[in-house]
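Some notes on the structure that comes next.
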Amino acid sequence: MIYRPFGKTDITLSQLGFGCMRFPLTERFEPTKIDEQRATNMLHYAIEHGVNYFDTAYPYHRETSEHFVGKALRDGYRKRIFLATKAPMWLVKCKDDMQKYFDEQCKRLQTDVIDMYLLHALGKNSWKTVKECDVFSFLNTMLKAGRIRYAGFSFHDELPLFKEIVDAYPWTLCLIHLNYVDDDYQAGLEGLEYAYNKGLAIVIMEPLRGGKLANNIPKQILTIIEQTGRTQTPAEFALRWVFNRPEVSCVLSGMSSLEQVKENIPFASEEHINTITPQEIELYKQARTFYRARTKVNCTQCGYCLPCPQKIAIPFILELYNDAHMYEAFGESQWMYKVFVKPENRADQCTECRECEEKCPQKIPIAECMKQAHVALKTEDV
Ligand SMILES: NC(=O)c1ccc[n+]([C@@H]2O[C@H](COP(=O)([O-])OP(=O)(O)OC[C@H]3O[C@@H](n4cnc5c(N)ncnc54)[C@H](OP(=O)(O)O)[C@@H]3O)[C@@H](O)[C@H]2O)c1
């Protein structure tokens, strides 16, 4: 495993970190049903092979990820790693709430100290909460008491707000969305450089666009990857682009099988900083152009939108809608919509309450997309 400096601190992080948001399930579409045996094996394997950064959050797996991670890290594993979790800022209404959620999270995680505590998914509204609820003084107190070792934030909004937040507090780290397709999206590369120059450690989320850059790859992209002349999987092609950046401390992947853990660890055991050639940069550009032209909705299947009060299978429907365009395969997506999505879970059940839109980190106009998706995916007998 290659380790990288963690900002201005004296610790180093494995360049591959483990995102605890996409564990294998015993029941499809039921995020609370973590396959604990398989997921525990994955976490232990990763620790035994040098991964030392684990990232969870209050809402992951509909509030069961922290519980599970706490259990899986018993028997001495906790001490061997840096544990990151995030404060659910959308639930915080006053300063005391910060303490309440922090204590609850420590209990779930079976620990007294959170190594990296991040304010989750900062954007315009939650940034207001941070200021109104005096969250900085909470962070200061907890840092001083040693209950939090490093303070940070994860971000899902526009670049100017990102810069404002970076400058507003002596953060140790930030967590940003970055991959070779979304290089100027949200904080983007400009935000990466900005935060790095201000001395923050930068951790990356969604390097594989939630798996979209690793699985089911269109043949046009496979041809581009072949032209690099390297023997590499699509996942490696995508991870290489983020690992290439010297500003990055750690790249989180939300691995969902032991095979993925076993594929990503050897790749993270190679040196990748500044190894991409100018010819490859051109190939990434071509791949980016292709994906952008074919992506209808920027959904990464994170599932933050769920549960929908109408029980609509939002991420799956958006995946079918996207796939129909990506692979020019409407027939297949329509068939899957008919067979796998029950009538009561289909897009036409949307009442436009927009609860999901408030929670979506990608700010997708989900209600509008549901209308369009239903029109595109329905067949005469649906
Ligand atoms: N703070 C926030 O607002 C926020 C938001 C999003 C994420 N995060 C954090 O960042 C972490 C990383 O983001 P992410 O989970 O979206 O990461 P990602 O690496 O972009 O996507 C993970 C998915 O990629 C696929 N994958 C991983 N390795 C693979 C391999 N070797 N071969 C084939 N497929 C592979 C799997 O998809 P399949 O399951 O389809 O196989 C996996 O579920 C999250 O887990 C979470 O901890 C935070």
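The values are calculated or read from the model by the stated rules, or taken from the named source; none is laboratory data. Source: prediction; values computed, not measured. FYI the Cβ positions are ideal-geometry reconstructions off the backbone, even for glycines, and counts take in every protein chain you see. Note: areas computed on protein heavy atoms with side chains; ligands, DNA, RNA excluded. Shrake-Rupley method; radii C 1.70, N 1.55, O 1.52, S 1.80 Å.
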* Could you list, in sequence order, the residues of segment 235-262 that are within 25 Å of Pro218 (Cβ to Cβ) and surrounded by fewer than 18 Cβ atoms within 10 Å (Cβ to Cβ)? -> Asn244, Ser257, Glu259
* Please work out if Lys212 is assigned by TED's automatic domain parsing to the domain that holds Tyr117, charged (D, E, K, R) and under 18 Å from Ala293 (Cα atoms). => yes
* helices (runs of 4 or more DSSP H) wholly inside segment 130-248 containing at least 2 residues that are within 16 Å of the ligand (Cβ to nearest atom) and touching a residue at least 12 places away in the same chain (Cβ under 8 Å) -> 159-168, 188-197, 219-226, 234-243
* To do: Would you point out which residue out of Glu66, Glu36, Glu27, Glu104 is farther than 16 Å from Leu173 by Cα and open to solvent by 80 Å² or more (accessible area, probe 1.4 Å)?
  => Glu27
* **Members of segment 263-282 found to be assigned to a helix (DSSP H, G or I), open to solvent by 20 Å² or more (accessible area, probe 1.4 Å) and not β-branched (Val, Ile, Thr), listed by number** => Glu263, Pro266, Pro278, Gln279, Glu282
* Would you say Tyr304 is in contact with a Pro (Cβ under 7 Å, 6 or more places away or on another chain) and farther than 28 Å from Thr64 by Cβ? -> no
* To do: Please work out if Ile114 is within 15 Å of the ligand (Cβ to nearest atom) and open to solvent by 10 Å² or more (accessible area, probe 1.4 Å).
  => no
* To do: Working only within segment 339-365, note down all residues that are closer than 16 Å to Lys378 by Cβ, at pLDDT below 95 and surrounded by 15 or more Cβ atoms within 10 Å (Cβ to Cβ).
  => Val341, Asn345
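A quick yes/no check of all residues on (1) crowded, with 20+ Cβ neighbours inside 10 Å; (2) among the hydrophobic types (A, V, I, L, M, F, W, C):
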{"site": "Trp171", "(1), (2)": "yes, yes"}
{"site": "Tyr180", "(1), (2)": "yes, no"}
{"site": "Asp183", "(1), (2)": "no, no"}
{"site": "Gly188", "(1), (2)": "no, no"}
{"site": "Leu192", "(1), (2)": "yes, yes"}
{"site": "Ala195", "(1), (2)": "yes, yes"}
{"site": "Gly199", "(1), (2)": "no, no"}
{"site": "Leu208", "(1), (2)": "yes, yes"}
